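S.K.: Take a look at the following structure, please.
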Amino acid sequence: MTLQEKVAQLFGVWVGASAEGGEVAPHQHEMEDEVILEDLLPQGLGQLTRSFGTAPVDPALGALSLVRTQRRIAATNRFGIPAVAHEECLAGFATWGATAYPVPLSWGATFNPGLVRGMAERIGRDMRAVGVHQGLAPVLDVVRDARWGRVEETIGEDPYLVGTVGTAYIQGLESTGIVATLKHFAGYSASRAGRNLAPVGMGTRERADVILLPFEMAVRESGARSVMHAYTDTDGVPSAADERLLTGLLRETWGFEGTVVADYFGIAFLKTLHGVAGTFGEAAGAALAAGVDVELPTVKTFGEPLLKALADGRIDEALVDRALHRVLTQKAQLGLLDAGWDPVPSALAGAGEDPGELRGTLSLDTEGNRAMAREVAEQSVVLLRNDGVLPLDRPARIALIGPNGDRPSAVLGCYAFPVHVGEKHPEVPIGIELPTLREVLAAEFPGSEITVAEGCDVDGLATDGFAEAVAAARASDVVVLALGDRAGLFGRGTSGEGCDAESLALPGVQQHLLDTLLETGTPVVVTLLAGRPYALGRAAGEAAAIVQSFFPGEEGTAAIAGILSGRVNPSGRLPVSVPRRPGVQPTTYLAARLGQVTDVSNIDPTPAFGFGHGLSYTTFQWTALDVEALQVETDGEVRMAFTVRNTGERAGTEVVQVYLHDPVASVVQPVQRLVAYQRVDLAPGESARVRLAVPADLASFTGLDGHRVVEPGDLELRLGASSTDLRLTVSCTLTGPARRVDHTRRMHAEFATEVRQGGGRA
C-alpha cells in the first residue's frame with residue numbers, strides 16, 4: 001500500500017444515508033472541513049460515520065444507501081476494501097424508527113446484568129441487520145459529580161456496578177457481531193465542578209480503583225474490540241495523547257488487541273483546546289504515538305496534516321503501520337476482506353433494490369423489542385418513599401400535574417434519536433410511539449377522573465400555572481406530580497451532553513411547585529423522569545410517595561403507571577445517591593471518613609436516599625447467618641450463608657448487596673464499597689438460602705507503592721438491602737502476608753441461591 005492508502009484506512013467520514021436509497025452524502029458540521037468523497041475514495045476509507053444516525057431515513061432505504069456506498073468504496077480503491085460503518089447505540093440503535101430503550105442509568109437501577117445483556121443483543125441484531133459494524137457504547141464512566149450533564153449516559157456511581165452491567169451490555173452487543181466501543185477512556189466523568197470537558201484533577205489511586213475498574217473488567221471479560229479515548233486531560237495529560245494509558249496500560253498490561261478510536265474531533269482538540277500541539281500534524285503524531293488508531297468522526301488531522309508531517313520526517317511511518325495493522329485486522333475479523341464479501345445485509349437479503357418496494361418494509365421497533373424495553377423499564381423504576389398511598393386503590397379523582405405529565409419525549413435521553421437528531425427535523429414524524437404519562441394513566445385507571453395541569457415548564461421561571469395546579473390538586477384524591485428533566489445537547493436541555501447543572505436543585509421553579517402542592521393537603525406522589533438525581537427538599541420527608549425513573553425509554557410511562565397501580569412490584573435500586581441538599585456536590589457514597597458528615601464542617605453531605613436504596617410492596621427478613629471461617633488467608637475466600645424470606649403478601653424481588661468495609665488500611669479507603677450483588681425473586685412466604693463466597697482479592701486496593709495489594713487485617717462484609725440499610729455483618733480477618741495482585745485477580749464473589757417454600761434453612 002502507498003502511504004496515502006495506509007493513512008486513508010485510519011479515518012472516517014461523517015455521512016448521511018439517502019432518504020431515497022441512493023449513496024450517502026457527506027454531512028457538514030461546524031467543526032468540520034468540507035469533504036469531497038470523489039477525492040478520498042481512490043485511496044480507500046476507514047470508516048463511515050453515522051449514516052443512519054445523521055438524519056431521519058427509512059431503515060430499509062438507509063440499508064440500501066449503505067449497500068450502494070460500500071460497493072462504491074470497494075470498487076474505487078485498489079484493494080477492494082470497504083469501510084467500517086459505526087453508529088451510536090447508547091440507549092438503543094440511534095436511528096429513525098428504532099426502539100428507544102431506557103438510558104444506561106436505568107440499566108444500573110435494574111441491578112440485573114443478564115437483562116441488560118439481552119437488551120444489548122436485540123440492539124446489536126438490529127444494527128447488524130442493516131449493515132452496521134460498530135457501536136459507540138457503552139459509557140463506562142463512573143459518576144463522580146451528579147451535576148455533570150452526561151450522568152444519564154452512565155450506569156452509576158459505583159465502579160463494580162458499572163463494570164458488571166457494562167460488561168454484560170458489551171457481551172450482548174459483541175455476540176451479534178457488532179464491535180462494542182468502551183468509552184470514555186479514562187476519567188471524563190471526574191471533571192472539575194461537573195463541567196463537560198473540564199480538566200480532571202485526581203490522584204493515581206482514584207483513577208485506578210474507581211475510574212479504571214470498569215474498563216479493566218470489560219477488557220478482561222467482555223470481548224470488547226474497541227476503546228474510545230476521553231476528551232479530558234488528567235493532571236495536564238490529555239487522554240488522546242497519553243501513551244501510558246492507551247498503550248502502556250490498555251495494551252501492554254491488560255492485553256487489549258482491538259482498535260482505539262478518537263472521540264469526535266478529540267485529536268484536533270489537542271491543538272485547539274488542550275494546547276499540547278502547535279499544528280494539526282503535531283496533534284496527529286501525538287495521538288498515533290499514544291496509541292489512537294482511527295480519527296473520528298471525519299478526516300481533520302489524519303489527512304493532509306499527517307501526510308505532510310510524515311513527508312517532513314516529523315512522524316515515524318511505523319506508527320501508521322502499527323495503527324493500520326490493527327484496523328485491517330479488525331476489518332478481516334468482520335469479514336470485510338473476504339474474497340466473497342457482499343455488502344447486502346440480512347435485512348435486505350432477497351429483497352431487491354427498488355426503493356419504492358423497500359420503503360416501509362423493515363421495522364426496528366418490533367413487539368419483541370418493546371417487550372424488552374418494557375421489562376428493563378419496569379425493573380429500573382425505583383420507589384424511594386411510600387407512606388402507604390401506593391399502590392393507588394382506584395382513586396376517583398387523580399390530578400396529573402407537572403411539566404413531564406403530558407410530554408412524549410419526557411422518557412428519552414439526549415442520545416435517543418428523536419432528541420438527538422429528530423428535533424432538527426420537526427416535519428418528520430417521531431417514528432416510534434411515545435405514550436405520555438397522561439395517556440397511560442387513563443388506561444391504567446379507567447375508572448378515575450384525571451385532571452391535567454402543567455403547573456410550570458421544565459426549566460422556566462413562570463409561576464402563573466400554579467393556581468390551576470393547586471385547584472386541580474384540591475379537587476382530587478391524589479396528585480401525581482411529574483417532574484424532572486428535558487434532555488438536550490449543549491445547553492438546549494437540562495440533562496445531556498453539555499447540559500451541566502450549577503446545583504442539584506430541580507430545574508426552573510419545579511421545587512416551588514412541589515412545595516406549593518404539598519401545602520394543599522392532598523397526597524402528592526412525586527414522579528421523576530430525569531437524567532440525574534435531584535434534591536427534593538421537604539418532599540423527601542413529606543411527600544406521600546416518591547417514584548424515581550431515569551429516562552426510562554418508550555415503555556417508561558407504562559412502567560411507571562404499573563408501579564403506581566401495583567400491577568408491577570417495584571424492584572429498582574438507586575445507582576446514584578439522591579442528595580438531601582442541592583449544593584453539596586461533588587459527593588458519592590464512596591466517600592472516605594472525612595467525606596462524610598463530620599464535626600469539623602458545617603456541610604452535611606448525607607444523602608436523602610443512599611446508593612442501592614429502593615422499596616417494595618412486600619417485606620423481606622434476613623436471618624440465620626452462618627460463616628464457615630472468620631479467619632482466611634489473603635489468597636483465600638470468606639464463605640457464608642444466610643436466609644432471605646418474603647414476609648409480605650405478594651411476590652417481590654430483594655436485591656442482596658454486599659459491601660466491604662476496611663477499618664484500617666495503609667492508604668485511605670471509602671467507608672464502604674459494593675463488591676457483590678444478586679437479585680432474589682421470592683413468592684409470598686418463600687425463602688432463599690443464599691450461599692456466598694467472597695474472595696480476598698475483592699479487598700484489594702492500590703497501595704502506597706502504586707501496586708494493587710491485599711493486606712492482612714480485619715474486614716467487615718456488610719450484607720444489606722442498600723448502602724444505608726445493612727441487615728447482617730460478617731467481621732473477619734485476613735491472615736498471612738500482604739499479597740500483590742494484578743488485572744488477573746478474581747473480580748467477583750460467587751452466589752448460589754436455593755429457594756424453598758415456607759422459609760427455613762436450606
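S.K.: Pop out the carbon and sulfur fraction of the accessible area of the stretch 368-436 as a percent, whole number, probe 1.4 Å.
M.R.: Heavy-atom surface of the stretch 368-436 belonging to carbon and sulfur, 1.4 Å probe: 49 percent.
S.K.: May I pose another question? To the nearest 0.05, how large is the calculated FRET efficiency for Leu630 and Ala467 if R₀ is 60 Å and r is the Cβ-Cβ distance?
M.R.: Efficiency at R0 = 60 Å is approximately 0.40.
S.K.: So what is the relative contact order of the stretch 364-444, in percent, for Cα pairs below 8 Å that sit 6 or more residues apart?
M.R.: Dividing the mean separation by the residue count of the stretch 364-444 yields 29 percent.
S.K.: Still on this structure, I have one more. Between Glu5 and Ala349, what FRET efficiency comes out of the Förster formula 1/(1 + (r/R0)^6) with R0 = 30 Å and r the beta carbon distance, rounded to 0.05?
M.R.: 0.45
S.K.: Now a separate question. Explain nothing, just the number: relative contact order of the stretch 221-369, from Cα pairs under 8 Å at least 6 residues apart, as a whole percent.
M.R.: It rounds to 19 percent for the stretch 221-369.
S.K.: How compact and how long is the stretch 39-107, expressed as Rg and Dmax of its alpha-carbon atoms in Å?
M.R.: So, for the stretch 39-107, Rg and Dmax equal 14.6, 47 Å respectively.
S.K.: Please report the spacing between the Cα centers of the stretch 655-712 and the stretch 190-211 in Å, no decimals.
M.R.: Value for the Cα centre distance between the two parts: 24 Å.
S.K.: Grab the Cα-Cα distance for Arg474 and Phe751, subtract it from 0.36 nm times how many residues apart they are, and report the gain in nm with one decimal.
M.R.: So the chain would gain 94.7 nm between Arg474 and Phe751.
S.K.: Roughly how compact is the stretch 710-762, stated as its Cα Rg over 2.2 N^0.38 Å to two decimals?
M.R.: Compactness ratio reported: 1.58.
S.K.: Moving on to the next point. Would you please give the residues with an amide H less than 5 Å from that of Ile450, counting only those at least 5 places away or on a separate chain, with H modeled from the backbone geometry?
M.R.: Amide H neighbours of Ile450, under 5 Å, 5+ apart: Ile398.
S.K.: Counting only DSSP beta bridges with both residues in the chain, what percent are antiparallel, rounded to the nearest 5?
M.R.: 55 percent
S.K.: Using 0.36 nm per residue of separation minus the Cα-Cα distance, give me the extension gain between Ala339 and Glu423 in nm, one decimal.
M.R.: 26.0 nm
S.K.: Computed over the Cα atoms, what is the radius of gyration of the stretch 629-762 divided by 2.2 N^0.38 Å, N being its residue count?
M.R.: Normalised Rg, Cα atoms only: 1.15.
S.K.: Can you pull the one-decimal nm distance between simple spin-label points at Phe490 and Ser175, each 7 Å off the Cα toward Cβ?
M.R.: Reported label-point gap for Phe490 and Ser175 is 3.8 nm.
S.K.: Taking H as built 1.01 Å from N, whose amide H comes closer than 5 Å to the amide H of Val638, not counting residues under 5 places away?
M.R.: Correct list: Val694, Ala696.
S.K.: Calculate the all-directions average of the projected area of the stretch 398-453's alpha-carbon convex hull, and give it in nm².
M.R.: Mean orientational projected area (the stretch 398-453, Cα hull): 4.4 nm².
S.K.: Let me ask another. Please give the net charge around Gly614, taking every other residue with its beta carbon less than 11 angstrom from that of Gly614, where Lys and Arg add +1 and Asp and Glu add -1.
M.R.: Local net charge: 0.
S.K.: Taking just the alpha carbons, could you work out the radius of gyration and Dmax for the stretch 405-557, both in angstroms?
M.R.: Answer for the stretch 405-557, Rg first and Dmax second: 15.4, 45 Å.
S.K.: So what is the accessible area of the stretch 417-507 per residue, in Å², with the probe set to 1.4 Å?
M.R.: 45 Å²
S.K.: Quick one: plug the Kirkwood hydrodynamic radius of the stretch 543-688 (C-alpha pairs) into Stokes-Einstein at 4 °C, 1.567 mPa s, and report D in µm²/s.
M.R.: The calculation lands on 71 µm²/s.
S.K.: Cα-based Rg of the stretch 223-314 per 2.2 N^0.38 Å, rounded to two decimals?
M.R.: Here the answer is 1.02, to two decimals.
S.K.: What is the mean projected area of the alpha carbon convex hull for the stretch 140-224, to one decimal in square nanometres?
M.R.: One quarter of the hull surface, i.e. the mean projection, equals 5.1 nm².
S.K.: Output the Kirkwood hydrodynamic radius of the chain, Cα pairs only, in Å rounded to one decimal.
M.R.: 26.9 Å
S.K.: With label points built 7 Å along Cα→Cβ from the Cα atoms of Thr253 and Arg567, find their separation and express it in nm.
M.R.: The two pseudo-label positions are separated by 5.0 nm.
S.K.: Right, here's the next one. If the viscosity is 0.692 mPa s and the temperature 37 °C, what translational diffusion coefficient in µm²/s does Stokes-Einstein give for the stretch 1-65 when Rh comes from Kirkwood over Cα pairs?
M.R.: After rounding, the answer is 263 µm²/s.
S.K.: Follow-up. Of the heavy-atom accessible surface of the stretch 681-723 (probe 1.4 angstrom), what whole percent is carbon and sulfur?
M.R.: 47 percent
S.K.: So how far apart, in nm, are the two label points at Thr366 and Arg593 if each is 7 Å from Cα heading toward Cβ?
M.R.: According to this spin-label approximation, the distance is 5.7 nm.
S.K.: Using θ = phi - 60° and the Karplus form 6.51 cos²θ - 1.76 cosθ + 1.60, what ³J(HN,Hα) does each residue of the stretch 151-161 get, whole Hz, x for Gly and Pro?
M.R.: 4, 4, 7, 8, 9, x, 9, 10, x, 5, 4
S.K.: Ok, one more. Go ahead and run the numbers for FRET between His743 and Ala332, Cβ-Cβ distance against an R0 of 45 Å, rounding to 0.05.
M.R.: 0.95
S.K.: Ranked highest first by the average count of other Cβ atoms within 10 Å around their residues, in what order do 424-433, 401-410 fall?
M.R.: Result, highest mean first: 401-410, 424-433.
S.K.: Accessible area per residue, 1.4 Å probe, Å², for the stretch 645-725: what's the number?
M.R.: About 33 Å² of surface per residue is accessible.
S.K.: Rolling a 1.4 angstrom probe over the protein heavy atoms, how many square angstrom per residue are accessible across the stretch 309-363?
M.R.: Ligands and nucleic acids excluded, the figure is 55 Å² per residue.
S.K.: Using only the Cα atoms of the stretch 322-436, construct the convex hull and provide its projected area averaged over every direction, in square nanometres to one decimal.
M.R.: Taking the Cα atoms of the stretch 322-436, their convex hull projects to 14.4 nm² on average.
S.K.: Pop out the carbon and sulfur fraction of the accessible area of the stretch 449-587 as a percent, whole number, probe 1.4 Å.
M.R.: 49 percent
S.K.: Which value in Å does the Kirkwood hydrodynamic radius of the stretch 291-372 take, with 1/r averaged over all unlike C-alpha pairs and then inverted?
M.R.: 17.1 Å
S.K.: Here's another thing I want to ask about it. If each residue of separation counts as 0.36 nm, what is the full-extension length gain between Gln621 and Ile36 once their alpha-carbon separation is subtracted?
M.R.: So the extension gain works out to 203.9 nm.
S.K.: Three principal axis extents, largest first, for the C-alpha atoms of the stretch 648-727, in Å?
M.R.: 53, 22, 18
S.K.: Return the sequence-ordered ³J(HN,Hα) values of the stretch 269-274 in whole Hz as given by the Karplus equation 6.51 cos²θ - 1.76 cosθ + 1.60 applied to θ = phi - 60°, using x for Gly and Pro.
M.R.: Computed from phi, the couplings for the stretch 269-274 are 4, 4, 8, 7, 10, 8 Hz.
S.K.: Give the Kirkwood hydrodynamic radius (Å, one decimal) of the stretch 467-617, defined as one over the mean of 1/r across all pairs of different Cα atoms.
M.R.: 16.7 Å
S.K.: Among all the lysines, which ones have a C-alpha under 23 Å from Lys183's C-alpha, if same-chain residues fewer than 8 places away are not counted?
M.R.: Qualifying lysines at Cα under 23 Å: Lys271, Lys300, Lys331.
S.K.: Something else: Which ³J(HN,Hα) values, rounded to whole Hz and listed in residue order, are derived for the stretch 536-546 from phi using the Karplus coefficients 6.51, -1.76 and 1.60 in 6.51 cos²θ - 1.76 cosθ + 1.60 with θ = phi - 60°, glycine and proline given as x?
M.R.: Those phi angles translate into 10, x, 5, 4, 4, x, 10, 5, 5, 7, 9 Hz.
S.K.: May I pose another question? Using only Cα atoms, tell me the angle between helix 280-290 and the longest principal axis of the chain; keep it within 0 to 90° and round to the nearest 10.
M.R.: Rounded to the nearest ten degrees, it is 60.
The values are calculated or read from the model by the stated rules, or taken from the named source; none is laboratory data. Note that the coordinates shown come from a computational prediction; the quantities given were computed from them, not determined experimentally. A quick note on method: Cβ atoms are made from the backbone with ideal geometry, for glycine too, and the neighbour counts reach across all protein chains shown. Keep in mind that these areas ignore ligands, DNA and RNA; they rest on the heavy atoms of the full protein, side chains included. Shrake-Rupley method; radii C 1.70, N 1.55, O 1.52, S 1.80 Å.
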